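Scroll down for the structure; my scribbles are underneath it.
The values are calculated or read from the model by the stated rules, or taken from the named source; none is laboratory data. What you see is a predicted model, and the numbers here were worked out from it, not measured in a lab. Please note: Cβ atoms are built from the backbone with ideal geometry, for glycine as well, and neighbour counts cover all protein chains shown. Side chains are part of the model used for accessible areas, which takes the heavy atoms of the whole protein and leaves out ligands, DNA and RNA. Shrake-Rupley method; radii C 1.70, N 1.55, O 1.52, S 1.80 Å.
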Amino acid sequence: MPSITIVGADTVFTLSPGSKLTELEPQQNTLPFGCCSAACGTCAIEVVAGMEHLNSKSEEENDVLDNLGENGPNRRLACQCQVTGDVTLLPLG
Ligand code: FES
């Protein structure tokens, strides 16, 4: 089971492999989500560790991150991330 560590949160969360990070919201509301469709940018995160355990960025996600001035090799929209292994995240919002 992938472990999800959110910098600043007191708890390490677990998700089933292939789950989306949006599934964390009902558990603790630790990541800020808005549209959940790669449009608003509310959920921008820095991936501190474990980028290799996330799906690839879509063109749509890259466009939103570009518009936010937050695109880079370790930046993602949490609402677009599926996890296959352990990751550590820092919310940017
Ligand atoms: S919640 Fe709107 S882009 Fe992720």
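Exactly one of (1) in a helix (DSSP H, G or I); (2) touching a Lys or Arg at 6+ places or on another chain (Cβ under 7 Å); (3) more than 11 Å from the ligand (Cβ to nearest atom) is unmet by Asp66. Its number? Single failed check for Asp66: (2).
Only residues that are surrounded by 12 or more Cβ atoms within 10 Å (Cβ to Cβ) and either within 16 Å of the ligand (Cβ to nearest atom) or polar (S, T, N, Q) (or both) were counted in region 5-35, giving 18. In region 84-93, the residue that is nearest to Thr14 (Cα to Cα) out of those that are buried (at least 16 other Cβ atoms within 10 Å of the Cβ) and within 15 Å of the ligand (Cβ to nearest atom) is Leu89.
For beta carbons closer than 9 Å, sequence separation of 6+ or different chains, a first residue in region 36-63 that is within 20 Å of Ala9 (Cβ to Cβ) and within 12 Å of the ligand (Cβ to nearest atom) and a second that is open to solvent by 60 Å² or more (accessible area, probe 1.4 Å) and in a helix (DSSP H, G or I), the qualifying pairs are Cys36/Glu25; Ala44/Leu68. Within region 68-92, residues that are modelled with pLDDT of 95 or more reach partners that are aromatic (Phe, Trp, Tyr) and open to solvent by less than 50 Å² (accessible area, probe 1.4 Å) with beta carbons closer than 6 Å, at six or more positions or on different chains, in the pairs Cys79/Phe33. When region 51-62 is examined, which residues are found to be open to solvent by 80 Å² or more (accessible area, probe 1.4 Å) and not polar (S, T, N, Q)? Correct list: Glu52, Glu59, Glu60.
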